[in-house]
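All remarks here apply to the structure that follows.
None of the figures in this text is laboratory data; all of them are computed from the coordinates on show. Not measured: the values here are computed from a predicted model. Positions of Cβ are backbone-derived with ideal geometry, glycine not excepted, and every protein chain shown enters the neighbour counts.
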Amino acid sequence: MRVLADGRLHSGTSLANGLGVTRSAIWKQIGGLRRLGLEVDTRAARGYCLGRPLELLDARHIRASLATECQASCDDLQVVWVVDSTSSLLARLPPPEPGKWRAVLAEYQTGGRGRHGRRWHSAFGSGLCLSLAVGFGEAPRDLPTLSLAAGIGVVRALEAMGARGLSVKWPNDVLFDQAKLAGVLVEVDGDSRGPLRVIVGMGLNLFLPTHLSQSIAAEGGLQPGALEAALPGRTRVARNDLAALLISTLWRILRDFPQSGFGPMVDEWRAHDALAGRAVRIHGGGDTVTGIAAGIGADGSLLVDTPGRRVAVFNGDVTLRGEP
Ligand code: BTN
């Protein structure tokens, strides 16, 4: 895989010689890469090449590119090629000490988990699958709003990379041109008063191979989009730099959260609101609310104008009316 990452053509013989295996073993490995969603072209009698070059994730590169204060609080940062889910892996590891963090990134997840029991689909190297665990000695008072704050963290990092025109769909889907680039799953475990651990799992599409768009579309929910479309000149993304920026930005928000809460981010969230003024339906807890989205409350709730009254929604899956 490392050899093919340059996107150039490599003959079966040179790959076999380089790895000290047979050409048929190479052929099997190529089949394995395709099953992980990688597009590997076969050029008859000439060899194999990736559909596009791939910058593989590198824990040392990411660690060295972190903001200084973030680096100092790192308990552990791992890059794995294949895992069931980066968030599930973190949940199996011991929690970080209060004030410290631990992160896992994967090139491919066999069982990526989304909100509301959905799956998160990605192809090997097509995006970022990142989970960040932090330890809190005491439960932050605004804990339910942490999920919205994490969405803002993703927007800040993507904007710092040059992305423009991003919006947020309550509570934390990051969109460009109405298509979903990134989703965030926040999970909390431990004692409800503390100490507790928060795991922020973020999935981001950098580009979208056709077969991936199809599996995501089959899952229902929003149409998928890719970060590359939101960057000026449709630039290729430096994956390791972006991973470091996301970790540094999310870490800063999580570190400050017990003191600051979501309050300082409310205006920023409202400025990126993808739903305000739109006809929505929210399913959750056996209830359905239908109305016009009217922004968010300071407590992170979604405000919805229904016939006769304004309702604050704290939990649920939002669809735009007129969409499935
Ligand atoms: C959503 O939009 O429903 C949230 C998707 C969150 C996906 C990420 S990918 C990294 C981490 N590991 C998982 O299994 N899920 C999150």
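Values computed for the structure shown
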quantity	calculated
Quarter of Cα convex hull surface for the stretch 145-229, i.e. mean projection, nm²	6.3 nm²
Gyration tensor (Cα) of the stretch 212-319, equivalent ellipsoid semi-axes in angstrom	29, 22, 13
Overall form of the stretch 1-50 per C-alpha gyration tensor (a/c, 1.5; a/b vs b/c)	rounded
Thr13/Arg35 FRET efficiency (R0 22 Å; Cβ-Cβ; nearest 0.05)	0.40
Approximate spin-label separation Asp287-Arg141, in nm, with each point projected 7 Å along Cα-to-Cβ	2.5 nm
Anisotropy class of the chain from Cα gyration tensor, a/c 1.5 cut	prolate
Gained length - Ala45 relative to Thr22, 0.36 nm times residue gap less alpha-carbon distance	6.7 nm
Size of electric dipole in the chain: Cβ of Lys, Arg +1 and of Asp, Glu -1, about Cα centre, debye, nearest 20	940 debye
Anisotropy class of the stretch 61-168 from Cα gyration tensor, a/c 1.5 cut	rounded
Full-stretch length increase - Arg309, Asp189 - with 0.36 nm per residue and alpha-carbon distance subtracted	39.6 nm
Neighbourhood charge, 12 Å Cβ-Cβ cut-off, centred on His116 and excluding it, Lys, Arg +1 and Asp, Glu -1	+1
Rounded to the nearest 20 debye, dipole of the stretch 114-230 from Cβ charges on Lys, Arg, Asp, Glu	100 debye
